[in-house]
Amino acid sequence: MPDVPYNELPDEHQHFSQRAPWLRAAVLGANDGLVSVASLMLGVEGGTNELHPVVLAGVAGLVAGALSMAVGEFVSVSSQRDAEEADIEKERKEQAKGPAARAHELEELTAIYEDRGLSHGLARQVAEELTAKDVIRAHARDELGIDVDDMTNPYQAAASSALAFIVGAGLPLLAAAFIEDPKMRILSVVLVSAFGLTTFGVTGAVLGGAGVLKGGTRVLVGGLVAMGITYGFGRLFKHGSTSMP
């Protein structure tokens, strides 16, 4: 059998781990938005049959949730970036202490490469060449695990999280906003939410290289359980209020 050129071989092992950060934020943000707002609307629906309170709850949930996601993500990522920048600054100060400190840092880098499987001589050569090219970049990447070219952006993280939440929250809100009949409104919210949950779960599984059935079912069941429990609390509140003198 003749050898086949490498560029003509089928790609049988695609890698998906590099998608993890943005995939997690997008899927969780949209799923959180959908489940939160759908559950909130169904909870209010369980306590009243009027359209206005249900829609108002949905709008308030969308706005509050999107802002909460944005602020939370901004604070979290800002703290992470501050810590990364502080560690990089420590490396700069260490390099500025003089030849002895730089020699010690070079030994640390050499030891890191030895731990990864290189011989001492080769590890030393790699450390010296990378240090000569950009000492801070080399230490940030291999000692601290920080890519100086791809540091976290708090503004981008906040905006993407808020947008993902809005996309998910908008589905149940639009599904109920113009339906006067309570039973049809509930049915519409549940069906649209179930479709959205399945879509988010399957999309996340496909992009992440995981099992489609498992990913879609997990998200769908979890969301439906949350909506059902919240609706049940609304019904309990309604029955409790009607029995009060």
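Taken together, the values in this text are just the output of simple stated rules run on the coordinates, not laboratory data. Only a predicted model underlies this, so the values are computations on that prediction, with no experimental measurement involved. Every residue, glycine as well, gets a Cβ built from its backbone with ideal geometry; the counts of neighbours run over all protein chains shown.
So how strong a dipole does the chain carry about its Cα centre when Lys and Arg Cβ are +1 and Asp and Glu Cβ are -1, to the nearest 20 debye?
Values: 19 positive and 30 negative charges, 267 e Å.
Roughly 1280 debye for the chain.
Per residue of segment 134-149, what does 6.51 cos²θ - 1.76 cosθ + 1.60 with θ = phi - 60° give for ³J(HN,Hα)? Whole Hz please, x for Gly and Pro, Karplus curve as stated.
6, 5, 5, 4, 5, 5, 4, 6, 8, 9, 9, x, 10, 8, 5, 8
Provide, in order from the shortest bin, the percent of all Cα-Cα pairs of segment 88-142 in each 10 Å bin, continuing until the bin that contains the maximum pair distance.
Percent of Cα pairs in each bin: 26, 58, 16, 0.
Kindly rank 89-97, 157-165 from highest to lowest mean number of other beta carbons found within 10 Å of each residue.
Values: 89-97: 12.9, 157-165: 21.6.
Highest-to-lowest ranking by the protection proxy: 157-165, 89-97.
Toward the positive end of the charge dipole of the chain, about the Cα centre and with charges on Cβ (Lys, Arg +1; Asp, Glu -1), which of 160, 111, 188 goes farthest?
It is 188, whose Cα lies furthest towards the positive end.
Mind ranking 130-140, 37-47 by how tightly packed they are, going by the mean number of other C-beta atoms within 10 angstrom, highest first?
Working: 130-140: 17.0, 37-47: 25.5.
Descending mean neighbour count gives 37-47, 130-140.
For residue 97, give me every one of the aspartates and glutamates with a C-alpha distance below 15 angstrom, ignoring sequence neighbours fewer than eight places off in its own chain.
89, 105
Residue by residue through segment 82-92, which ³J(HN,Hα) values in whole Hz follow from phi under the Karplus form 6.51 cos²θ - 1.76 cosθ + 1.60 (θ = phi - 60°), with glycine and proline marked x?
So the J values, rounded to whole Hz, are 4, 5, 5, 5, 5, 5, 5, 5, 4, 5, 4.
Given the DSSP H assignment, sum -39500 (n - 2.57) over each helix run of at least 4 residues in the chain and divide by its residue total; what's the result at 222 nm in deg cm²/dmol, nearest 500? Let's see the in-between values first.
Numbers: 7 runs with 195 residues, N = 245.
Taken over the chain, the calculation gives -28500 deg cm²/dmol.
For the chain, modelled as a GNM with alpha-carbon contacts under 10 angstrom, which of 126, 212, 148 fluctuates the most?
126
Straight-line reach from residue 93: which lysines fall under 23 Å, measuring Cα to Cα and dropping same-chain residues less than 8 apart?
Leaving aside lysines fewer than 8 places away in the same chain, those within reach of residue 93 are 133.
Set Lys and Arg Cβ to +1 and Asp and Glu Cβ to -1, take the dipole of the chain about its Cα centre, and tell me which of 54, 151, 83 lies farthest positive.
54
Of the residues 28, 144, 118, which exhibits the maximal mean-square fluctuation in a Gaussian network model of the chain defined by a 10 Å Cα contact cut-off?
For the chain, modelled as a Gaussian network with Cα springs under 10 Å, the answer is 118.
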